[in-house]
Amino acid sequence: MSGAGLTQIVVYWLALLLLALPLGAYMARVYEGRATFAQRVLGPIERALYRMFGVRAGAEHGWRRYAVALMLFNVLGLVLVFLLQRVQLWLPGNPNDLPNVPPQVAWNTATSFATNTNWQAYGGETTMSHLTQALALGVQNFVSAATGMAVLVAVVRGFTRRHAEHVGNFWVDLTRSTLYILLPLSILLAILLVARGVPMTTGGHATAHLLQPAGHVDEQHLALGPVASQIAIKQLGTNGGGFYNANSAHPFENPTPLTNFFECLALLLIPAALCFTFGALVKNRRQGWGLFVAMFVLVLPFLILAVHQEAGNMEGKEVRLGESASALWATATTAASNGSVNSMHDSYTPLGGLAPMVLMQLGEVAFGGVGSGLYGMLMFAIVAVFISGLMVGRTPELLGKKIEAFEMKMATLAILVPCLATLAGTALACVAGETPGALANPGPHGFSEVLYAFSSQANNNGSAFAGLTASGDFYTTAGGICMWVARYWIIIPVLAIAGSLARKKTIPASAGTLPTDGPLFVVLLVGTVLLVGALTFVPALALGPIAEQLGGAP
Amino acid sequence: MKAPTPRPLFDAPIARRAALEALGKLDPRRMIKNPVMFVVEVGSAFTTLLFLHAVVTGDGDANPAFVGAISLWLWFTVLFANFAEAMAEGRGKAQADSLRRARREVPARRLAEPHRGAATTETPSSKLDAGDHVLVAAGEVIPSDGEIVEGVAAVDESAITGESAPVIRESGGDRSAVTGGTRVLSDWLVVRITTAPGRTFLDRMIAMVEGAVRKKTPNEIALDILLAGLTIIFLLVVVTLLPMSRFAVEQAGGGAPVALTTLVALLVCLIPTTIGGLLSAIGIAGMDRMIQANVIATSGRAVEAAGDVDTLLLDKTGTITYGNRSATGFLPARGVAEAELAEAATLASLADDTPEGKSIVALGTAVLGRAVVAPAGAVQVPFTAQTRMSGVDLTDGRAIRKGASDAIARRLGGGLPADVRSQVDGVAKQGATPLVVASGDRVLGVVRLADIVKAGIRERFAEMRALGIRTVMITGDNPLTAAAIAVEAGVDDFLAEATPEAKLAMIRDYQDRGHLVAMTGDGTNDAPALAQADVAVAMNSGTQAAKEAGNMVDLDSNPTKLLEVVTVGKQMLMTRGALTTFSIANDVSKYFAIIPAALVSTYPQLAALNVMRLHSPQSAVLSAVIFNALIIIALIPVALRGLAVRAAPAAVTLRRNLLVYGLGGLLLPFPFIKAIDLALSGLGLVS
């Protein structure tokens, strides 16, 4: 690893920590309703929204009603995104007269954006009208992220409340997450990006006359649009769906090393800050740090592996960004369930490509999606305290809440679902007639492309390995199912746990209680995540990147 | 108390019987209750079919010897797990047999009216119903559980408790309960039967010992869910590996897809068979350890809850201190020799039959170095509630009295001398009871009566504290006395001037703050508190009401047993946790054995993953399977004996167990799998 690469990594993590700490504290105040300054400015908008939609902000609900509201809202959003794509030709905001999106791709895209995956089975600038980008995809970028944060807040209430029936009001949590957190941060980032040259316009493409006409071609269309706003939220909300097909490798999405640094920070900012929000809300700051450190420890070896492997490998990378910044991005985007890319992971060395793949397969829990990463990690924490609680001879408890059969059932389900979806999807692809024609490479690398695609979709990441043509009927349909299942079959068990925990009493800590905020617990948590991830995917990885690596250069 | 002789782990007759029962337990209807081992059984049957197919066609899934060997070892895996369970059950059965002998049918004399003189009819014990009254005379066996309504008798309860000395049982009070199967040695009793036939204490005990009513405990259910979850994941890993491997063969254009036999072997090696196979044995062994400690729990749930308890309510008398107060010193008044005080106090106590009186005589004899004999003509003055004094009037005119300081002061009229008053205050401040001794109107001094804290109890409490368990002393004493004893015994808290209501309120208060409370009790007035507590150990000598309210009965009636109960509860959970960790950690090495073996024909470069340098792919798979089966046998002693519970904070215990069972589980299989591989290839058993 070069000195410059190392410096970049150290500066990146320090900057992330320095930003995440105050943001975490601020978010805790938002959810506690104590963000006084922001409430003075944005409060009227919040109250106006509640009045408009008839939300009684003071009324809280049990986990079932919370889940129903969440599902209704998400399904409605999904249907809306699907319909907008299907009729965009006849709507305004389509200066380039892009045709309606075919149904399979529209379904895949609708699921993808509603589930905060942002897998793109299409090329952005050549498929989606400005209206679709803004009203369908842009809106989902905000609310799918806010949905994840709302679920996390409900879980926090499960831990902090005792003998309580209610876990909160979904509409309030959704509104606050969007209005007080995602919107201000996005505006800030968008302005920074515009200042560094990212386009922001409602107009169509620009035309450039070529200085050296190539044959009959003497002009080039430069796709423009409301880019900066889309990029800001796609990075902050762990969405990842770019305006352009080339995503953040495109010079208009990510023109300079500085924008690259900002965008890369935005990838992990909210997921990292939420650790500290959690610590503040459960009144145990060490717990927040413990979770952050566990996530960091999980990411670090893969980051080092990727940066080390990619040193000197410029294939598929942007010259203006370089290998280290590309490998750092690849790690961060798969650590978070973001999925935006600034280089083509398909061109990585086998082990360099294994790093992002494994980070997704671990279940997107370090750091994972906004909200979803942390609640996913808490599911692992439940399993970890269960086993370790048994080992010290006491019914396990996490933050004073007893972990019993019901919690185990739900946590196991939440951990199981993405593993099952990834493996089943990959296995089906192996027998699908579409696959041989969709692969760009033969041998283990071709298999890696398929494994990566399903790891990405079944963990709601959305990044693509490139190489695989994923717009066929099998890939759009199966991928859509994976994304759907991996999102909601986790959210519902997680909310069920929130409800069950809220009803329990809180057990005071004693010397017999296993501390869940110290280094020992971090080791346990990391071990649990690694064991489940590693044990599940070792055979598949052996057939993909490992066989490719050991096989040497073809 | 019957000293429970620890049974050897591998008792030959029990092991023989267990080996046979292991075969009987192969019934799939039984196996399905244990999903992990059921999967292994299905895998065994499937490979057996593959073996038959390979033998018949000569060209099956893989070479017939390999398929046959894998199949055989998979069957062994199931059998070993069944054997572990049968061993655990077998150890309890011996006890059940001796209990069953006590339960045999006896003729009973049913009374028409609930008193001795009523007419009787001969009724077999199994026909007695709750509410019937029976007469039991000396030499007869009490036909069923009940409450004495009339009479007092010595009862031999050795059939149940193992205690050979007879106990006194009488109507009224806290010693009125009798147990069916015990024998009346003297006198007679009229007993009101309190339980329906088949529901007696003895019946429940036998069922408990045999494990017939063993329900899964809450933590066991939660663990089952986790194990089932892991099994599902690995099932899918293995099932999806087949199409992936076929795809790889197409892509690579060479090699053979992974064999079905190898897939089944991989599955069995990956699913947590070690803990799955030993889980029920751990539970049964935990109950067995309780029974060996002479504690009968009404459910496994109660045993497990004992491990979670973080607050122990302990009665002072009998648990923390020896039953009664004893004289521990003579404090003479100014100008009085200690010998004079000792002699006077002893004279005043000679006729005092209370334990306190006896302790004064004993101390006096020790101080004087000779026995004191009552002079002829001395008149004993017994203790009355009005005078609150006792003593003796001697023929020489001396009237010796001992009693509470205010009672003596009243008798003297003018109060106590200043030096005696300060002695009285000093003794009271230490938590002891001062008795003032006076001869005529001359105050001789003070006798100090104090509670004697049991030897070693302080250390036990310190251990409990290290485990995160707080101890609370319950006493009827005044707060001052209680505080002094609390300090001496080293309890964390105390409840003075305790009433049954105060006890109940205290338990509720602790529970409201999230604590889990355990207590012991024997009296009827303890019943509400016993019912409220999370873990309640009733003394076998106690009343029926107390036994019904509790969820455990201590046959030795030893309140200190609560500490052992907590330890057994913890042990059960720890053993499960440790073996689960071990089982999962084992998987890493098995991957290194099987994955290269399974895929090497497609991608020869994967041979680099064969870090153990195992002889051949078939030898690698077989070695992993054999290790997986043998480790179950190797861990049976751990499952039956349980992990040692040491007094240490949770974090320390976890670190140690994590090192031993986590890291150990990760590393241990490598050398053993290699050794098995060397043996197999050395003996030429594999190609």
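Some points to look at:
- Note on the stretch A:445-465: among residues that are more than 9 Å from chain B (Cβ to nearest Cβ) and among the aliphatic types (A, V, I, L, M), the one that is surrounded by the fewest Cβ atoms within 10 Å (Cβ to Cβ) is A:Ala464.
- Number of the exception - A:Thr435 against (1) among the β-branched types (Val, Ile, Thr); (2) within 30 Å of B:Pro649 (Cβ to Cβ); (3) surrounded by fewer than 24 Cβ atoms within 10 Å (Cβ to Cβ): (2)
- Under the condition of being within 8 Å of another protein chain (Cβ to nearest Cβ) and over 15 Å from A:Val383 (Cβ atoms), the residues counted in the stretch B:222-237 number 3.
- Taking the listed residues A:Pro493, A:Pro442, the one that is within 14 Å of chain B (Cβ to nearest Cβ) and at pLDDT 95 or above is A:Pro493, with no other qualifying.
- Of all residue pairs spaced 6 or more apart or on separate chains, those with beta-carbon atoms under 8 Å, a first member in the stretch A:237-265 that is β-branched (Val, Ile, Thr) and a second member that is surrounded by fewer than 24 Cβ atoms within 10 Å (Cβ to Cβ) and not in a loop (DSSP other than H, G, I, E, B) are A:Thr259/A:Leu192.
- Identity of the residue in the stretch A:398-408, at the interface with another protein chain (Cβ under 9 Å from one of its Cβ atoms) and in contact (Cβ under 8 Å) with a residue 24 or more places away in the chain, that ends up nearest to A:Leu451 (Cα to Cα): A:Met408
- Qualifying residue in the stretch A:195-207 (condition: modelled with pLDDT of 90 or more, surrounded by 22 or more Cβ atoms within 10 Å (Cβ to Cβ), under 26 Å from the mean Cα position of the chain (by Cα) and not in a loop (DSSP other than H, G, I, E, B)): no
- Any strands (runs of 3 or more DSSP E) falling wholly within the stretch B:381-454 and containing at least 3 residues that are at pLDDT 85 or above and crowded, with 22+ Cβ neighbours inside 10 Å: B:399-403, B:433-439, B:442-453
- Considered as a group, the residues in the stretch B:242-256 that are at pLDDT below 85 and closer than 9 Å to A:Gly443 by Cα include one that is farthest from the other protein chains (Cβ to nearest Cβ), and that residue is B:Gly253.
Listed here are the residues, each with its yes/no results for (1) within 14 Å of another protein chain (Cβ to nearest Cβ); (2) of a type outside the set (Asp, Glu); (3) on the phi > 0 side of the Ramachandran plot.
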position	(1), (2), (3)
B:Gly415	no, yes, yes
B:Asp425	no, no, no
B:Lys429	no, yes, no
B:Val437	no, yes, no
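Residues are listed down the side, and each one gets a yes or a no for (1) out of contact with any Phe, Trp or Tyr (no Cβ under 7 Å at 6 or more places or on another chain); (2) in a helix (DSSP H, G or I); (3) at pLDDT 90 or above:
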site: B:Glu497; (1), (2), (3): yes, no, no
site: B:Ala502; (1), (2), (3): yes, yes, no
site: B:Met506; (1), (2), (3): yes, yes, yes
site: B:His515; (1), (2), (3): yes, no, no
site: B:Ala529; (1), (2), (3): yes, yes, no
site: B:Lys547; (1), (2), (3): yes, yes, no
site: B:Lys570; (1), (2), (3): yes, yes, no
site: B:Met574; (1), (2), (3): yes, yes, yes
site: B:Val588; (1), (2), (3): yes, yes, yes
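- Hits in the stretch A:409-432 (condition: surrounded by fewer than 22 Cβ atoms within 10 Å (Cβ to Cβ), more than 9 Å from chain B (Cβ to nearest Cβ) and more than 15 Å from B:Ala248 (Cα to Cα)): A:Val417
- Neighbours by Cβ (under 9 Å, 6+ apart or cross-chain): first from the stretch B:305-328, in contact (Cβ under 8 Å) with a residue 60 or more places away in the chain and within 14 Å of another protein chain (Cβ to nearest Cβ); second in a helix (DSSP H, G or I) and of a type in the set (Gly, Ala, Ser): B:Ala305/B:Gly569; B:Ala306/B:Gly569; B:Gly307/B:Gly569; B:Asp308/B:Gly569; B:Val309/B:Gly569
- Restricting attention to the stretch A:355-380, the residues that are within 14 Å of another protein chain (Cβ to nearest Cβ) and not in a loop (DSSP other than H, G, I, E, B) add up to 3.
- Some residue of the stretch A:483-498 being within 29 Å of A:Thr111 (Cα to Cα), in contact with a strand residue (DSSP E or B) (Cβ under 9 Å, 6 or more places away or on another chain) and touching a residue at least 24 places away in the same chain (Cβ under 8 Å): yes
- Test result for A:Ile497, within 23 Å of the chain's Cα centre (by Cα) and under 30 Å from A:Pro103 (Cα atoms): no
- Where a residue in the stretch A:520-538 is under 29 Å from B:Pro596 (Cβ atoms) and facing another protein chain (nearest Cβ under 7 Å) and its partner, wherever it lies, is in a helix (DSSP H, G or I) and among the charged types (D, E, K, R), with Cβ under 8 Å and at least six apart: A:Leu531/B:Asp587; A:Leu535/B:Asp587
- When A:Asn108, A:Asn116 are screened for being touching a helix residue (DSSP H, G or I) at 6+ places or on another chain (Cβ under 9 Å) and not in a helix (DSSP H, G or I), only A:Asn116 passes.
- Conditions (1) within 21 Å of B:Asp61 (Cβ to Cβ); (2) within 14 Å of chain A (Cβ to nearest Cβ); number of the one not met by B:Ser619: (2)
- Complete set of residues in the stretch B:540-558 that are in contact with a Leu (Cβ under 8 Å, 6 or more places away or on another chain) and among the polar types (S, T, N, Q): B:Asn540
- When A:Gly479 is tested against (1) over 30 Å from B:Arg246 (Cβ atoms); (2) more than 9 Å from every other protein chain (Cβ to nearest Cβ), exactly one condition is not met: (1).
- Residue pairs meeting the criteria (Cβ under 7 Å; at least 6 apart or on separate chains; first touching a residue at least 40 places away in the same chain (Cβ under 8 Å), in the stretch B:359-380; second of a type in the set (Ser, Thr, Tyr)): B:Ser359/B:Ser326; B:Ile360/B:Thr346; B:Ile360/B:Ser349
- All helices (runs of 4 or more DSSP H) inside the stretch B:642-687 with 1 or more residues being within 11 Å of chain A (Cβ to nearest Cβ), touching a residue at least 12 places away in the same chain (Cβ under 8 Å) and among the basic types (Lys, Arg): none
- Residue that is farthest from the other protein chains (Cβ to nearest Cβ), among those in the stretch A:539-554 that are surrounded by fewer than 19 Cβ atoms within 10 Å (Cβ to Cβ) and without any contact (Cβ under 8 Å) to a residue 24 or more places away in the chain: A:Ala553
- Residue ID - surrounded by the fewest Cβ atoms within 10 Å (Cβ to Cβ), chosen from residues in the stretch B:225-272 that are aliphatic (A, V, I, L, M) and part of a loop (DSSP other than H, G, I, E, B): B:Ala256
- Of residues in the stretch B:466-515 being of a type in the set (S, T, N, Q) and in contact (Cβ under 8 Å) with a residue 24 or more places away in the chain, the one nearest to the other protein chains (Cβ to nearest Cβ): B:Thr471
- Checklist (1) more than 26 Å from A:Gly54 (Cα to Cα); (2) among the aromatic types (Phe, Trp, Tyr); (3) in contact with a Phe, Trp or Tyr (Cβ under 8 Å, 6 or more places away or on another chain) applied to A:Phe73, failing item: (1)
The values are calculated or read from the model by the stated rules, or taken from the named source; none is laboratory data. Please read these numbers as outputs of a predicted model, since none were measured by experiment. Heads up, the Cβs are rebuilt from the backbone with ideal geometry, glycines too, and the neighbour counts pull from every protein chain shown.
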